[in-house]
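Novice: Handing you this structure, nothing more for now.
Here, each number is a calculation from the coordinates, and none is a lab measurement. Please read all numbers here as calculations on a predicted model, not as lab measurements. Reconstructed Cβ throughout: ideal geometry from the backbone, glycine too, with neighbour counts over all protein chains shown.
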Amino acid sequence: MKAIRMFIGIAIILATVMALCPASLAKSHNVEELKFSIDLPDTWTVATRTEFDEKFTKSYFDKDKDAWQRFMKLYDYYLFAAAVGSGDAQYEICVSSYDDFEEKIDYSDLYDFELEMTAKASYKANVNSEGSTTVYSDYTVIKGAETNYIVFNYQDVDTEGNPMYGRLYHTVMNGFAIDFDLNAYEKLSDDYVDVFDAAVASVQYDEIPVPDAPWYELSDRTKKDLIYIALLILAIALVVVIIIFIISKVKERKEFNRAAEEAVRAAAEANADAEPLNDSETETE
């Protein structure tokens, strides 16, 4: 009886662990085009533009090798991963990148306030985007092992109107704007989100050699630093000017009040000197 209870207890513990851990081991996947590698659970099916199982692409997307690569390029995808969720739901990860972006400085070089400003501006732009079915619920900023990310939780609908839920990581690293997107047709499980968060935060980026530049050519980071320094100096100078102006006005006011007091005092003294003469003149008359 004791052995049966122990066996049931162990079975329950194992079931709980299996439910809370979407995968047991991690496997590294290299995305050559974006110069990084990411570790994902070995139970997840993962495909890149160059490394994929044709049986998976044909069974899942009904596409051969050429069609798969065209599909990936069409949507700017560089990695696709799939994992079975609860019930009929499936979790998918899409890693994409695009060239037409205005952010030229890697997020690893951004200051904390710059990340917050970028996240807030991006959130407002996406929330107010006309014609978009995506609804962003919140945003945050996190620090990964090698770079920083702004993160958005969102809800969307597919072409048939079915609700979708997602979590999007965005960064700029090594000159690439990269999005890591986790989505599913069910509300995201904390277990899968935790695995995804850990995977993205620990992404390893390759070092890209920076060509030697002439001494007179400044990097974007240096230019931004100089702008911040100039703005700081300008702000300090403006504060000093305001303080000097206020002090001068206070001093001017004090001098005016002092002059007014002296004028009143002089008038009072003049009146005091004139009063005895008036009394004597009255007595003579």
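Novice: Can you run phi through the Karplus equation (6.51, -1.76, 1.60; θ = phi - 60°) for the stretch 72-80 and list ³J(HN,Hα) in whole Hz, with x for Gly and Pro?
Specialist: Those phi angles translate into 5, 5, 4, 9, 6, 8, 10, 8, 9 Hz.
Novice: Might you report the magnitude of the Cβ-based charge dipole of the stretch 35-134 about its Cα centre, with Lys and Arg at +1 and Asp and Glu at -1, to the nearest 20 debye?
Specialist: 360 debye
Novice: Report the full-extension gain for the segment GLU51 to ASP194: residue separation times 0.36 nm, less the Cα-Cα distance, to one decimal in nm.
Specialist: 48.9 nm
Novice: Which of rounded, prolate or oblate describes the stretch 30-75 when judged by the alpha-carbon gyration tensor and an a/c cut-off of 1.5?
Specialist: oblate
Novice: Sticking with this structure for a sec: Run through the stretch 114-212 and list the GluC sites (Glu not before Pro) located in a DSSP loop whose Cβ has at most 13 other Cβ atoms within 10 Å.
Specialist: Listed in order of number, the matching sites are GLU130, GLU160, GLU207.
Novice: Sorted by packing (mean other beta-carbon atoms within 10 Å per residue), highest first, where do 239-249, 135-145 land?
Specialist: Descending mean neighbour count gives 135-145, 239-249.
Novice: Right, another one. Pairs to check: LYS27/LYS143; LYS120/LYS143; LYS73/LYS143. Give those whose C-alpha atoms are more than 19 Å from each other in this structure.
Specialist: Checking Cα-Cα distances, LYS27/LYS143; LYS73/LYS143 exceed 19 Å.
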